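Colleague: Sending over a structure as structure tokens; questions will come in a sec.
Where a number appears in this text, it was derived from the coordinates with a stated rule and is not lab data. Since the model is a prediction, treat every value here as computed from it, not as a measurement. A quick note on method: Cβ atoms are made from the backbone with ideal geometry, for glycine too, and the neighbour counts reach across all protein chains shown.
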Amino acid sequence: MMKTVFNLVLCFLIPLAVLATNPKKSKLRAKAASVVKLADGFAFTEGPAADKNGNVYFTDQPFNKIYVWTTEGKLETFHENSGRANGLYFDHDGNLLSCSDMDNELWSISADKSHKKLVFDYEGKKLNGPNDLWVRPDGGIYFTDPLYVRPYWTRSPEMEQDGEHVYFLSPDRKSLSRVSNDLVKPNGIIGTPDGKKLYVADIGASKTYVYDIQPDGSLANKKLFTEMGSDGMTIDNMGNIYLTGNGVTVFDKKGSQIEHIKIDADWTANVCFGGKDMKTLFITASEYLYSLEMKVEGVK
């Protein structure tokens, strides 16, 4: 998301009653751990994703760059022309998938930094702007497609699709289908490691839903997970779901809030687990990259 919509979204996304959990009583944070600012000076950080070694890649969409925070604690530039990448996720072959909304596309970026376009339209019409994505165990890709009009677009800001939806790209990457068409503005998305459940945040309705994933990629049995939307999402090995916006708010698999992590930034965009042991929570928030050491770990 861009800064121009921060205040509008924040006013209805996060309940005023949400308070930070006392770190000393946390069941999730490592003992005596606190949020650490790793880097700053960005325009707007987004889309963190860890590779198989725990290096964390993230985007600075206004500057059209992808950075990597290595497991050795170094900040490096990975890509300087990422198609205005937003959300990122690694596929099972080690390619970095990016929601590159300069031209409203889904990219696959290889280690040599070359890319190919996986998705560039739906039924001959331009997408709104792929925003966030998740790869299920068999390689199929789910992604959200909300409309956020970008100042760098040369295209018409008018929507060509009939709404803001969720899509599924088949494992062979030959078939694109729409799997949800009744959300206001889908944004954050994450699935369970067994490939059975998909969580989708409807930031426009201040709600997050959970679906049963069907073998053909379709979704069934939509249920309200929590009365809170989210920009980005992740999941830990206990099945807890992490939502972002006003800091990071954590829910157990039943939808009960169990933690709130306060972040010193105007907007917390996204979150993922990384590091050598996958027990570090990385948080992209406004101009910053933060981390927090955890007891739980991310899923691979």
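Colleague: Give, as residue ranges, the strands (runs of 3 or more DSSP E) completely inside the stretch 42-120 that count at least 2 residues that are within 15 Å of F282 (Cβ to Cβ) and in contact with a strand residue (DSSP E or B) (Cβ under 7 Å, 6 or more places away or on another chain).
Modeller: Passing ranges, in order: 45-50, 56-60, 65-69, 75-79, 85-90.
Colleague: Is it the case that W134 is aromatic (F, W, Y) and within 16 Å of S108 (Cβ to Cβ)? Steps first, please.
Modeller: On the way: aromatic (F, W, Y): yes; within 16 Å of S108 (Cβ to Cβ): yes.
In short, yes.
Colleague: Report, by residue number, each residue of the stretch 198-222 that is within 16 Å of the chain's Cα centre (by Cα), more than 18 Å from L133 (Cβ to Cβ) and in a strand (DSSP E or B).
Modeller: K207
Colleague: I need the full set of residues from the stretch 226-264 which are among the hydroxyl-bearing types (S, T, Y) and touching a Gly at 6+ places or on another chain (Cβ under 9 Å), in order please.
Modeller: The answer is T226, S230, T234, Y242, T244.
Colleague: Among the listed residues T249, T244, which satisfies the condition of being buried (at least 16 other Cβ atoms within 10 Å of the Cβ), free of Cβ contacts under 8 Å to residues at least 60 places away in the same chain and not charged (D, E, K, R)?
Modeller: T244
Colleague: List pairs: first in the stretch 204-215 and under 23 Å from T244 (Cβ atoms) and without any contact (Cβ under 8 Å) to a residue 60 or more places away in the chain, second small (G, A, S) and surrounded by fewer than 21 Cβ atoms within 10 Å (Cβ to Cβ), Cβ under 9 Å, 6+ apart or cross-chain?
Modeller: That search, which allows pairs on different chains as well, returns T208/G255; V210/G255; Y211/A220.
Colleague: Touching a residue at least 12 places away in the same chain (Cβ under 8 Å), out of contact with any Leu (no Cβ under 7 Å at 6 or more places or on another chain) and crowded, with 24+ Cβ neighbours inside 10 Å, is that true of L127?
Modeller: Values: touching a residue at least 12 places away in the same chain (Cβ under 8 Å): yes; out of contact with any Leu (no Cβ under 7 Å at 6 or more places or on another chain): yes; crowded, with 24+ Cβ neighbours inside 10 Å: yes.
Judged against the criteria, L127 is a match.
Colleague: Also, I was wondering about something else. Can you go through S230, S156, S177 and tell me which one is assigned to a loop (DSSP other than H, G, I, E, B), closer than 25 Å to L96 by Cα and polar (S, T, N, Q)? It would help to see each step written out before you state the result.
Modeller: Values: S156 fails: closer than 25 Å to L96 by Cα; S177 fails: assigned to a loop (DSSP other than H, G, I, E, B).
None of the other options fit; the residue is S230.
Colleague: Which residue is surrounded by the most Cβ atoms within 10 Å (Cβ to Cβ), if the candidates are limited to the stretch 223-235 and must be closer than 19 Å to L133 by Cβ and not polar (S, T, N, Q)? Full working, then the answer.
Modeller: Residues of the stretch 223-235 closer than 19 Å to L133 by Cβ: 225, 229-235.
With the extra rule that they be not polar (S, T, N, Q), the set shrinks to 225, 229, 231-233, 235.
Working: F225: 21, G229: 26, D231: 26, G232: 29, M233: 23, I235: 22.
Within the stretch 223-235, the match that is surrounded by the most Cβ atoms within 10 Å (Cβ to Cβ) is G232.
Colleague: Could you list, in sequence order, all residues of the stretch 48-104 that are crowded, with 22+ Cβ neighbours inside 10 Å, among the polar types (S, T, N, Q) and under 17 Å from L289 (Cβ atoms)?
Modeller: Result: T59, Q61, S82, N86.
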